[in-house]
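Have a look at the structure below, then the notes.
The values are calculated or read from the model by the stated rules, or taken from the named source; none is laboratory data. Computed from a prediction, not measured in an experiment: that's the story for all the values here. Heads up, the Cβs are rebuilt from the backbone with ideal geometry, glycines too, and the neighbour counts pull from every protein chain shown.
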There are 2 protein chains.
Amino acid sequence: MNTQSCITGLVCPKCKKRYTHRELQHLCQCGSPLLVEYDLERAGYLVDPETIKTRPVTLWRYAELLPVLDDANIVSLGEGFTPLTILPAIAAKYAFGRLYMKDEGIIPTGTFKARGAAVGVSKARELGVKHVAMPTNGNAGAAWAVYAARAGIKAHILMPEDAPRITRNESVAAGAQVHLVRGLISDCGKILARSIPAHGWYDVSTLKEPYRIEGKKTMGYEIVEQLGWQVPDVIAYPIGGGVGIIGIYKALQEMQRLGWIGDQLPRLVAVQAEGCAPIVEAYRKKAKESEFFPDSRTIAFGINVPKALGDFLVLEAIYETEGCAVAVGEADIINTLLELASLEGSFICPEGAAALAGLKKLRAAGWLKAEETAVLLNTGGGIKYPDTLHFDLPYCPVDGTI
Amino acid sequence: MNTQSCITGLVCPKCKKRYTHRELQHLCQCGSPLLVEYDLERAGYLVDPETIKTRPVTLWRYAELLPVLDDANIVSLGEGFTPLTILPAIAAKYAFGRLYMKDEGIIPTGTFKARGAAVGVSKARELGVKHVAMPTNGNAGAAWAVYAARAGIKAHILMPEDAPRITRNESVAAGAQVHLVRGLISDCGKILARSIPAHGWYDVSTLKEPYRIEGKKTMGYEIVEQLGWQVPDVIAYPIGGGVGIIGIYKALQEMQRLGWIGDQLPRLVAVQAEGCAPIVEAYRKKAKESEFFPDSRTIAFGINVPKALGDFLVLEAIYETEGCAVAVGEADIINTLLELASLEGSFICPEGAAALAGLKKLRAAGWLKAEETAVLLNTGGGIKYPDTLHFDLPYCPVDGTI
């Protein structure tokens, strides 16, 4: 491909201060994450849905709406254009109209973190970064480690010691410097903040780095493209840091301004675990920001985030689209995971199962109507979570029969 | 899609006896696996590379060359059209011309077994099967379990107790009946053979079921399509049961007869571990079949197959394409796995690493030339193998710095 990014700069969604994309940026001076802006008029001249259809099946097919200026800086392992799988058996059982799952397990590293890492690392390479550093609960660290390796960038990663071992191995195998911490990801973040000044590493912590949202937003473009450039009625997303839903909302707004979709946006639904539901509590109070959720706990550790830096953006996406936020219990999550595997053959992560459990609740309550089309985001493959399920299985003797 | 399969029947590659595809079949009466035949002249009228380009990015884009008669029987989780990832850093280090990896980690279930299961289960559904049964070392069982679940077919699986736990969980979550065995996959096969008559289950053991080759062969179509309908000079494949290379060879022959590629076929390379190298030994002796490899052992457990039912087909594919067979050591496998992760960002399974280690040997020996294009098949994601690597990592105190 020979494409031209239409990026024009970065802007603070809170105080509207602008920053250049030609230098490394982090948060706004006011403390807010920054969002990337594009010349959408120019993008509309350069590309349209018909052209996109002919391009490689990776997230880079939307290159005009991505921040990398020179194609030569793209770091790709073939990420994106994941399946939008129809779920007819679940739809029949719970009287959904049409139900789809955007399956982010089918992507390098097995989780949606690959999208943010692919775009974030590519842009870091373009800006001359040699070292990136981040705290992680595992999957994001592994994704940034492998893309950094491909880019020739050294990654420095801090992980709680109970992060999934496979993400440790992935990161170390890719050549990252990994330190374990007997604490939480928030402790890892504090260690990193103290360590960075001495080294000058580029801090790519969630939302401190402005480009991973751009990678995540491509899920929104893909859902719409895969539905024939139609929007569904509802998109449900499991919310931890919230980068995915922020990205999808941004993509929907861009597509509207491009004229690729109409006025009606999907209602965006934030699903959280009852054991960690700061966004749901804020939504109930109609608050613009969330409060720290104490003693948070859930089997879906990817959404165990007691206070997200971008919470106000998540809530804005919900309010502006007339969506909602819903919490689900631990048993709901596991039962839904098993139900999806046994009825539809999709073995997914607990976070994705939470999203489906949330949709089931909304359907039962009538918030989601029988004739509507819903999409749930599954953020990763079940195969990356060997310890989520425990089954006692029968043994058959070597000389026996079953 | 509204497509027409051009299947005409099944034929024995040994004794040439023919069988109908309208009834369930297993092995030929002579004991050989059966191969599927198509009316390629008709297929050539119905479809061409330009049409295929416009189709969904799954293996079903080659539907005329697949055995399912009615699209309604297709059981799909979005499998196929996996990335063909270029490996420039490895190519530079070892003076390869162009080097690509067909990355079968980016597929439902995380391994290439999904292809055989998708096509095998779809055809089983078309033929009215209600129960499938198989012995497995894990990945194939998990793939058949999830696709069977989606098809509403009950799966009965026998697994050695030391098969990877994640494949157990995957299978059970999908509703399969799983029995563990304190023994090898061959013991599981014997138990199954004794058990089947009482139940009437459809035995889908490797190559006893004729349609999984058809799923696997799509890797061959995809490699050629992704290279712009050009063939590479060499394709290297890690050989266990050998279904993949048998399928790729079959695809190449079909594409030749369709006129989609020219006379020159890629040299097919079978890579095995030194600890289990029956095909390599047979190749050295120019034998047509392999002998049982005693006390086989390798970290790449997917290629720990001491005597494959389709060995003669693997050897034919090697001889007919002027390919070769090469064995690699355990340290080569692990070192190559780490090298690929750290230089290219691809964290793959040991079997895929073995294939690359084999190519490195052949390049060093001059068998593979500096100006040639090589493709290696990676059969699965490294994330499915949490116990392959062990690293001792440093701890950072919660109040420390790195």
Quiz prompt | Options B:232, B:306, B:294; residue that is within 18 Å of the chain's Cα centre (by Cα) and either on the phi > 0 side of the Ramachandran plot or not in a strand (DSSP E or B) (or both) | solution = B:306
Practice problem: Would you check if there is a residue in the range B:266-281 being more than 21 Å from residue B:350 (Cβ to Cβ), in a loop (DSSP other than H, G, I, E, B), in contact (Cβ under 8 Å) with a residue 40 or more places away in the chain and touching a Phe, Trp or Tyr at 6+ places or on another chain (Cβ under 8 Å)? | Solution: no
Quiz prompt | Hey, residue A:144 aromatic (Phe, Trp, Tyr), within 27 Å of residue A:385 (Cβ to Cβ) and either at pLDDT 95 or above or buried (at least 20 other Cβ atoms within 10 Å of the Cβ) (or both) or not | solution = yes
Quiz item: Picking from A:34, A:10, A:40, which residue would you name as being more than 29 Å from residue A:148 (Cα to Cα), under 24 Å from the mean Cα position of the chain (by Cα) and either more than 14 Å from every other protein chain (Cβ to nearest Cβ) or of a type in the set (Asp, Glu) (or both)?
Solution: A:40
Quiz item: Of all residues in the range B:49-62 being in contact with a Lys or Arg (Cβ under 8 Å, 6 or more places away or on another chain) and crowded, with 19+ Cβ neighbours inside 10 Å, which is farthest from residue A:381 (Cα to Cα)?
Solution: B:61
Quiz item: Which of the residues spanning the range B:314-344 are of a type in the set (D, E, K, R) and either crowded, with 19+ Cβ neighbours inside 10 Å or over 30 Å from residue A:142 (Cα atoms) (or both)?
Solution: B:316, B:320, B:322, B:332, B:339, B:344
Self-check item: Whichever residue in the range A:53-75 is of a type outside the set (Val, Ile, Thr), free of Cβ contacts under 8 Å to residues at least 60 places away in the same chain and outside any helix (DSSP H, G or I) and, among such residues, is farthest from the other protein chains (Cβ to nearest Cβ)
Solution: A:70
Quiz item: Do you know which residues across the range B:1-24 are at pLDDT 95 or above, closer than 27 Å to residue B:108 by Cα and polar (S, T, N, Q)?
Solution: B:5
Quiz item: Only one of (1) in a loop (DSSP other than H, G, I, E, B); (2) charged (D, E, K, R); (3) over 25 Å from residue A:82 (Cβ atoms) fails for residue B:50. Which number is that?
Solution: (1)
Exercise. Write out, first by first residue and then by second, each pair whose Cβ atoms fall under 6 Å of each other, whose residues are 6+ apart or on separate chains, and whose first residue, in the range B:381-402, is under 23 Å from residue A:184 (Cα atoms) while the second is among the polar types (S, T, N, Q).
Key: B:401/A:195; B:402/A:195
Exercise. Scan the range A:169-184 for residues that are more than 7 Å from chain B (Cβ to nearest Cβ) and either closer than 19 Å to residue A:380 by Cα or surrounded by 23 or more Cβ atoms within 10 Å (Cβ to Cβ) (or both) and report the count.
Key: 2
Quiz item: Residues A:66, A:46: which one is buried (at least 17 other Cβ atoms within 10 Å of the Cβ) and either modelled with pLDDT of 95 or more or basic (Lys, Arg) (or both)?
Solution: A:66
Quiz prompt | Residues being out of contact with any strand residue (DSSP E or B) (no Cβ under 8 Å at 6 or more places or on another chain), in a loop (DSSP other than H, G, I, E, B) and either polar (S, T, N, Q) or closer than 13 Å to residue B:99 by Cβ (or both) - total across the range B:346-402 | solution = 5
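Is it true that residue B:130 is in contact with a Pro (Cβ under 6 Å, 6 or more places away or on another chain) and more than 30 Å from residue A:77 (Cβ to Cβ)?
The answer is no for residue B:130.
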Quiz item: Does residue B:158 satisfy the condition of being at the interface with chain A (Cβ under 7 Å from one of its Cβ atoms) and within 24 Å of residue A:399 (Cα to Cα)?
Solution: yes
Practice problem: Look through the range B:185-207, keep the residues that are touching a helix residue (DSSP H, G or I) at 6+ places or on another chain (Cβ under 8 Å) and aliphatic (A, V, I, L, M), and return whichever of them is farthest from the other protein chains (Cβ to nearest Cβ). | Solution: B:207
Quiz item: Of all the residues that make up the range A:77-91, how many are over 17 Å from the mean Cα position of the chain (by Cα) and in a strand (DSSP E or B)?
Solution: 2
Quiz item: Is there a residue being more than 14 Å from chain A (Cβ to nearest Cβ), under 23 Å from residue A:164 (Cα atoms) and touching a strand residue (DSSP E or B) at 6+ places or on another chain (Cβ under 9 Å) anywhere in the range B:318-328?
Solution: no
Self-check item: Set B:145, B:140: member being facing chain A (nearest Cβ under 10 Å), touching a helix residue (DSSP H, G or I) at 6+ places or on another chain (Cβ under 9 Å), closer than 24 Å to residue A:381 by Cβ and in a helix (DSSP H, G or I)
Solution: B:145
Self-check item: Failed item, numbered, when residue B:299 is tested on (1) in contact with an Asp or Glu (Cβ under 7 Å, 6 or more places away or on another chain); (2) at pLDDT 95 or above
Solution: (2)
Practice problem: Could you check, for the range B:260-271, whether at least one of its residues is more than 17 Å from the chain's Cα centre (by Cα), surrounded by 24 or more Cβ atoms within 10 Å (Cβ to Cβ) and not small (Gly, Ala, Ser)? | Solution: yes
Self-check item: Any chance residue B:190 is within 25 Å of residue B:277 (Cβ to Cβ), basic (Lys, Arg) and in contact (Cβ under 8 Å) with a residue 60 or more places away in the chain
Solution: no
Self-check item: Criterion violated by residue B:165 - all others in (1) within 10 Å of chain A (Cβ to nearest Cβ); (2) touching a strand residue (DSSP E or B) at 6+ places or on another chain (Cβ under 7 Å) satisfied
Solution: (2)
Practice problem: State whether one or more residues within the range A:208-224 are modelled with pLDDT under 95 and at the interface with chain B (Cβ under 7 Å from one of its Cβ atoms). | Solution: no
Self-check item: Residue within the range A:104-126 that is surrounded by fewer than 24 Cβ atoms within 10 Å (Cβ to Cβ) and either assigned to a helix (DSSP H, G or I) or more than 8 Å from chain B (Cβ to nearest Cβ) (or both) present
Solution: yes
Quiz item: Which members of the range A:360-402 meet the condition of being surrounded by fewer than 24 Cβ atoms within 10 Å (Cβ to Cβ) and among the polar types (S, T, N, Q)?
Solution: A:373, A:388, A:401
Practice problem: Please tell me if residue B:288 is out of contact with any Pro (no Cβ under 8 Å at 6 or more places or on another chain) and assigned to a loop (DSSP other than H, G, I, E, B). | Solution: yes
